[in-house]
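The values are calculated or read from the model by the stated rules, or taken from the named source; none is laboratory data. A quick note: this is a predicted structure, and the numbers were derived from the prediction, not measured. Using ideal geometry, Cβ is built from the backbone for each residue, glycine included, and neighbour counts are taken over all protein chains shown. Areas reflect the complete protein model, heavy atoms only, side chains present, ligands, DNA and RNA absent. Shrake-Rupley method; radii C 1.70, N 1.55, O 1.52, S 1.80 Å.
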Amino acid sequence: MTRIRKHGFKSKRYLKVSESQHARWTKTSTYSNDHNYFSIPNISNATREEEVSYEGKQTRSSEDWREGRRIVELDVLATGLRACLKCGLPLQLGHTIDIQTYGLGCLLKVQCFNTICMHVNSVPTGKRHDRVWDVNSKLATALVHSGLGERQANSFLSELNIPAFSYKLVSARLKEVGNVVEEVAKESTNEALEKELAAVEQKKGTLVVAVDAGWQKRGSGRAYDSKSGHCSMIGPETGKIINYSVRSKECRVCSRAESRNESPRKHACYRNWEGSSKGMEADMVIEMVKGVQSKGCTVAALVGDEDSTTIGRVRANISNSIEKISDRNHLKKILGNSLYSLKKNHPVLTVKIIKYLQSCFNYIIAQGEGNPEQIAKDLNALSKHPFGDHQCCSSRWCKFLSNPKSVFKSFPQGKPLSGASLQKSLESVFEGYAKNSLKLSTVGSTQANESFNRMVSAKAPKHVHYSSSGNLNYRVAASVAQKNTGHRYLVNVNKKLGLSPGYHTQRLARLRDYQRSKQRALATTRAFKRKRLEKKAKMHQKLASAEVREGVSYQTGCSLDAAISDDIQSIPAPVITPEYLPLEPKTLNDSCMTYFDVETTGLGRDSHIIQLSAVNSQNTKFNRYIKPARPILPQASEVTGLKFQNGKMYHDDREVQSIGISNALKAFILFLKEIHNTVLVGHNSKIFDVPILINALEKNGLLNNFMSSVKGFIDTLPLFKECIPNQPSYSQPKIYNTLFGELYSAHDSMEDVVALRRLFEKISPSLVLKSKFSGTNESVMQLYQHRNCTKGLLTTLRPLTNSKTITNCMATKIASSGLGLSHLKLAHKRDRQQGIENLFTELCGHPSKARVTKSKKIIQATSTYLNDLEE
């Protein structure tokens, strides 16, 4: 049995390990081939404050100093290697024989290469102050500033292969740094108070402050049991924090002593609250108000949420003359809650309508500041405004008075609401606010406090427990200092610690402060606000569309009593019509052009081929007449001169030899294979010739064989439009007549390909133009498959077109986006007309392009048809 002592100053326990287990650990160790690292690092009970030890091996005296990485100040290292302390000869880093680690700092034991001297010099890798390494103090500052803890920082360093530091080390350094951070925060609040008083005095007003609290644990709405909280007091004139407070119900040292029934050792205890978490805010506000008044200032009013307890206790403990001012954001939120509660009985009250009413409420409050009579009148009018009654409205917020033809953009079909029950409910809601118009005429904002709370949550994340030590106080203080003075507070902290802030620290602090000031300046511009609202609207639109497509999911009570929802079918995401992907110019340069054309039984994409012709660059020709499986339309026969009677094919009343489509296609593929790297060139081939050819090849099982015979396709119609602009017509016969001043026998595919070859060689487009109007095999197939899918969905939409609900063009657009009648029924079932609107207006491709349409008329017509269909 092997006895392994657990390394550490306090611990003298031994771990019993069998010889076989010890051998297996040693043999299978994957950490190093040279050392038996069969145990994990123990950094909780280090033998020295700033050292990390391993069981079985100490990093304090590691012979392999080359292992891992170190944080080094190059100037300090260069100075240490300049000369041996005994003989004065220069030292070499390669002569290091040992290393002692102290957190992120270390001492290198460098032996002098002088064989007479052989002195071992201690060369530091960084500066120190009072036997404390600067890098460790800066580490503690970095942890507080960046919101990291000891575990997260060690995980970060270990991935960089930098030795970890101990909890004891960082705890000691946090105390050193934290006290300085709190001092800097207090100085910033005192300075902010002076500036706020100066601004108030200049306006000849009274000191009004905004207060709001935050907790280190999120409340559920029913239970608030956070062990700590913080509160800030901000002056509205400067936007700076003039005082702050922290409450904590736990102390690690005291709790540990209580669990052992012992008296706690002497320590800095941060437990300062025994009551409930909800009671923290009122107590902190009282403390902050008293703190400000102790400096000779009188707080006239508090801006805060609708918590009546806080102002009641402030008045009871300080002065009854302190006024309470409501926060406009909380008022808007409370109004929203009231309207959402009405939505249960009035489904017509959609989210868009509620947000519209909240916006009108905000306008009324903002424009009626200091005028309670006006606010009361406007709020009473607001209950009638959505129903088209604008007699009592004000032109300050109602556009219908200046333009009666305006529509409600947020309302269904842009029409006013209807329903006496809904109107009565809205009147009841707004009547309650109108009665408090005096209170609404003077409102403030705690938005700056909310911003500060977010800053605290970044430095003291809610998922990490910092409440049982001074760590929380340090991080709140750092947030206060950053809120008041920006990132340059780090420079002040370093200076007070007696450390050099350093070039990179100062540079990044200046950069962050500049970025923040620039962001604030931009945030006040109309363009920025408009862009933000547009971005927010797009986000909501995207979310609403996704919810309609997905159906009910992640909703309270979805599977109550084990009832599984049967609405699990998903509506397809928007389908974007594929485009030709161009061939590379290099591919075209090495390719041979083959010009082709087809004559068909009609003009439809499902027409049958009756003549297939081609000619290549070497003037090798291919021509086949094909027996059709369906009659040739008279219009097609008149244009092409082709007829099929009694099993025989006639061209201009002259009998020609014809074969079956399969044999013709096989012969065409053999013709193409004789030409290496061929590219098919056709006029208007993207729209007509290529789809018909691919359709025939697929039906006869020859598509793969054909695709392996060609490199891609070129459509000469758009190419000619670019090369020969401003032509009255771009039909192939007209272009041929323009360039050569002669006619040819058009609509004979053999004559057409010969003429096309002559045209192409005459124009002689560049490789760039050829590439621009070409298409790869893959993109051609994607477009073909998309058209087939669209065709299948289009047949399901025939009832809509037959009933004149939508046009054929709109039906094609709907089908092209991947929607069929079953999908429209599903969207309508889930959210009625709003579901159809969310589906049709879903953004896809270009940021402002709707999936189908934004037309209210088409959306309403489709919804009405589906309503009638259900009935």
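Here are the numbers for this structure:
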{"quantity": "Among residues of region 747-768, those that are within 15 Å of Y595 (Cα to Cα), without any contact (Cβ under 8 Å) to a residue 40 or more places away in the chain and not acidic (D, E), counted", "calculated": "4"}
{"quantity": "Verdict on L174 being open to solvent by 10 Å² or more (accessible area, probe 1.4 Å), part of a helix (DSSP H, G or I), in contact with a helix residue (DSSP H, G or I) (Cβ under 8 Å, 6 or more places away or on another chain) and not acidic (D, E)", "calculated": "yes"}
{"quantity": "Pairs with Cβ under 6 Å, 6+ apart, first in region 625-640 and in contact (Cβ under 8 Å) with a residue 40 or more places away in the chain, second not hydrophobic (A, V, I, L, M, F, W, C)", "calculated": "V639/H747; T640/E599; T640/H747"}
{"quantity": "Candidates N345, N320 - the one that is at pLDDT 90 or above, among the polar types (S, T, N, Q) and out of contact with any strand residue (DSSP E or B) (no Cβ under 7 Å at 6 or more places or on another chain)", "calculated": "N320"}
{"quantity": "Exclusive hit being part of a helix (DSSP H, G or I) and either under 30 Å from F688 (Cβ atoms) or open to solvent by less than 50 Å² (accessible area, probe 1.4 Å) (or both), set L819, L866", "calculated": "L866"}
{"quantity": "Odd one out for S848, checked against (1) outside any helix (DSSP H, G or I); (2) farther than 20 Å from T801 by Cβ; (3) open to solvent by less than 30 Å² (accessible area, probe 1.4 Å); (4) of a type in the set (G, A, S)", "calculated": "(3)"}
{"quantity": "Number of the condition not met by S745 [criteria: (1) outside any helix (DSSP H, G or I); (2) more than 30 Å from A667 (Cα to Cα); (3) of a type in the set (S, T, N, Q)]", "calculated": "(2)"}
{"quantity": "Qualifying position, being free of Cβ contacts under 8 Å to residues at least 40 places away in the same chain and not β-branched (V, I, T), among K813, K825, K856, K849", "calculated": "K849"}
{"quantity": "Per-region count, region 435-487, residues surrounded by 20 or more Cβ atoms within 10 Å (Cβ to Cβ), in a helix (DSSP H, G or I) and modelled with pLDDT under 90", "calculated": "2"}
{"quantity": "Looking only at region 191-223, and only at residues there that are within 30 Å of the chain's Cα centre (by Cα) and of a type in the set (S, T, N, Q), the one that is least open to solvent (accessible area, probe 1.4 Å)", "calculated": "Q216"}
{"quantity": "In region 131-162, residue most open to solvent (accessible area, probe 1.4 Å) [restricted to those that are more than 23 Å from L74 (Cβ to Cβ) and not in a helix (DSSP H, G or I)]", "calculated": "L148"}
{"quantity": "Test: residue in region 269-287 that is at negative phi, surrounded by 23 or more Cβ atoms within 10 Å (Cβ to Cβ) and in a strand (DSSP E or B)", "calculated": "no"}
{"quantity": "Matching entry among K415, K343 (being surrounded by fewer than 17 Cβ atoms within 10 Å (Cβ to Cβ), over 28 Å from T206 (Cβ atoms), charged (D, E, K, R) and touching a Leu at 6+ places or on another chain (Cβ under 6 Å))", "calculated": "K343"}
{"quantity": "Failed condition for P691, given (1) in contact with a helix residue (DSSP H, G or I) (Cβ under 8 Å, 6 or more places away or on another chain); (2) of a type outside the set (D, E, K, R); (3) not in a helix (DSSP H, G or I)", "calculated": "(3)"}
{"quantity": "Residue match in region 61-69 (condition: in a loop (DSSP other than H, G, I, E, B), open to solvent by 60 Å² or more (accessible area, probe 1.4 Å), of a type in the set (D, E) and touching a residue at least 12 places away in the same chain (Cβ under 8 Å))", "calculated": "yes"}
{"quantity": "Matching residues in region 319-340 - criterion: being open to solvent by 70 Å² or more (accessible area, probe 1.4 Å) and not in a helix (DSSP H, G or I)", "calculated": "N320, S321, E323"}
{"quantity": "Residue in region 311-318 that is within 22 Å of H230 (Cβ to Cβ), assigned to a helix (DSSP H, G or I) and among the hydrophobic types (A, V, I, L, M, F, W, C) present", "calculated": "yes"}
{"quantity": "Answer from L193, L143, L148 - the residue that is aliphatic (A, V, I, L, M) and either without any contact (Cβ under 8 Å) to a residue 12 or more places away in the chain or touching a His at 6+ places or on another chain (Cβ under 9 Å) (or both)", "calculated": "L148"}
{"quantity": "Criterion violated by Q618 - all others in (1) open to solvent by 20 Å² or more (accessible area, probe 1.4 Å); (2) under 19 Å from K673 (Cβ atoms); (3) in contact with a helix residue (DSSP H, G or I) (Cβ under 6 Å, 6 or more places away or on another chain) satisfied", "calculated": "(3)"}
{"quantity": "Positions within region 691-706 being under 17 Å from H676 (Cα atoms) and either open to solvent by less than 30 Å² (accessible area, probe 1.4 Å) or among the aromatic types (F, W, Y) (or both), in sequence order", "calculated": "F706"}
{"quantity": "Flag for V120 being free of Cβ contacts under 8 Å to residues at least 24 places away in the same chain, touching a strand residue (DSSP E or B) at 6+ places or on another chain (Cβ under 6 Å) and under 30 Å from C84 (Cβ atoms)", "calculated": "yes"}
{"quantity": "Residues located in region 657-687, provided they are within 12 Å of F596 (Cα to Cα) and under 46 Å from the mean Cα position of the chain (by Cα)", "calculated": "T678, V679, L680, V681, G682, H683, N684, S685"}
{"quantity": "Total residues in region 224-254, condition under 28 Å from V299 (Cα atoms) and either open to solvent by 20 Å² or more (accessible area, probe 1.4 Å) or not small (G, A, S) (or both)", "calculated": "15"}
{"quantity": "Given (1) out of contact with any helix residue (DSSP H, G or I) (no Cβ under 6 Å at 6 or more places or on another chain); (2) basic (K, R); (3) over 27 Å from A366 (Cα atoms); (4) in contact (Cβ under 8 Å) with a residue 12 or more places away in the chain, index of the condition R507 fails", "calculated": "(4)"}
{"quantity": "Residue in region 512-533 that is least open to solvent (accessible area, probe 1.4 Å), counting only those that are under 22 Å from the mean Cα position of the chain (by Cα) and among the hydrophobic types (A, V, I, L, M, F, W, C)", "calculated": "A523"}
{"quantity": "Selected residue (only one of H786, H828 is open to solvent by less than 40 Å² (accessible area, probe 1.4 Å), over 25 Å from L697 (Cβ atoms) and not β-branched (V, I, T))", "calculated": "H828"}
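Here is a yes/no grid of residues against (1) under 23 Å from K621 (Cβ atoms); (2) modelled with pLDDT of 95 or more; (3) of a type outside the set (A, V, I, L, M); (4) open to solvent by 70 Å² or more (accessible area, probe 1.4 Å):
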{"position": "G660", "(1), (2), (3), (4)": "yes, no, yes, no"}
{"position": "I669", "(1), (2), (3), (4)": "yes, no, no, no"}
{"position": "P718", "(1), (2), (3), (4)": "no, no, yes, no"}
{"position": "R758", "(1), (2), (3), (4)": "yes, no, yes, yes"}
{"position": "L767", "(1), (2), (3), (4)": "no, no, no, no"}
